[in-house]
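Q: Once you've had a glance at the structure underneath, I'll fire off some questions.
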Amino acid sequence: IDPTDGPAWMLRGLALEELGDSQAALDAYGHATEAGQSCPAAAWRAALLYLEAGRADAATELAIEAAGRTQGGAMARLVLARSLLDVDRPRDAASVLQKLVAERPSDRYAHLLLGRALQRAGIGGDASHLRLGQGAQPVWHDPWTTAALVHGVSLESRRTIAQAMIDQGLFKKATMLLQKIVIESPKQ
């Protein structure tokens, strides 16, 4: 591959990623971002690989770079928000996502991540974003989306549901729901 051909290195990275060779894919994405004809999307693709490897700090660094290089492209900002959640910076993630949702109100995945960020930051408004994000299909596996899809609603809404179950005498179901809430938010 021509060392200056960023898109070619990007395609190589995607192929290697598909083959399961994450390290080689990271190397190719590195070449793609450094090439004369660079490919900014390679930085957020590499950030995703770092997230999958449990290296959230490295992912956040790359995601910040990707968001800057793509002039705030939607995918770069989604990856940035996702990585900020992984480094326990939900307020920063919410800030990134609020701007994205304002620009792209039909982006259900952005709503879903925003709902999780608001929920984790203890900021109101999470339930409406979680509802708007229902059924969203993430581009990559992400535990925040998985949790939102499994639970579907905010802690407050689930407590209300548990109370309704208690009022109806459905104690076993209420207990199971409350146990999940306690695990998710032990301080409450």
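The values are calculated or read from the model by the stated rules, or taken from the named source; none is laboratory data. Nothing here was measured: the structure is a model prediction, and the numbers come from that model. No Cβ is skipped: glycine too gets one built from the backbone with ideal geometry, and neighbour counts run over all protein chains shown. Side chains included, ligands, DNA and RNA excluded: accessible areas come from the protein's heavy atoms. Shrake-Rupley method; radii C 1.70, N 1.55, O 1.52, S 1.80 Å.
Q: Using 7 Å Cα-to-Cβ label points, what is the A15/E156 separation (nm, one decimal)?
A: Label-label distance for A15 and E156, simple model: 5.2 nm.
Q: In whole percent, and with a 1.4 Å probe on the protein chains, what portion of the accessible area of segment 1-131 is carbon and sulfur?
A: Solvent-exposed carbon and sulfur of segment 1-131 make up 49 percent of the total.
Q: How large are Rg and Dmax for segment 18-124 when only the alpha carbon atoms are used, in Å?
A: 14.0, 45
Q: Report the extension gain between D2 and M75 in nm, rounded to one decimal, defined as 0.36 nm multiplied by the number of residues separating them, less their alpha carbon distance. Mind dumping the intermediate values first?
A: On the way: separation 73, 0.36 × 73 = 26.28 nm, distance 2.65 nm.
Contour length minus Cα-Cα distance gives 23.6 nm.
Q: Same structure again: Would you mind calculating the gained length between T175 and D27 on full extension (0.36 nm times residue separation, minus the Cα-Cα distance), in nm to one decimal?
A: Working it through step by step, the gained length comes to 48.4 nm.
Q: Which peptide among 16-25, 36-45, 80-89, 122-131 comes first, and what is the full order, when sorted by highest mean count of other Cβ atoms within 10 Å?
A: Per-residue mean Cβ counts within 10 Å order the peptides as 80-89, 36-45, 122-131, 16-25.
Q: With the crude spin-label approximation of a point 7 Å out along Cα→Cβ, what separation in nm comes out for D167 versus Q188?
A: Roughly 1.9 nm, to one decimal.
Q: Next question, about the same structure. Please work out which option in [x] 19.2, 70; [y] 25.1, 97; [z] 17.1, 52 gives Rg and Dmax of the Cα atoms in Å calculated from these coordinates, and answer with its label.
A: Of the labelled values, this structure produces [x].
Q: In Å², what does the accessible area per residue of segment 33-108 work out to with a 1.4 Å probe?
A: I get 47 Å² per residue for segment 33-108.
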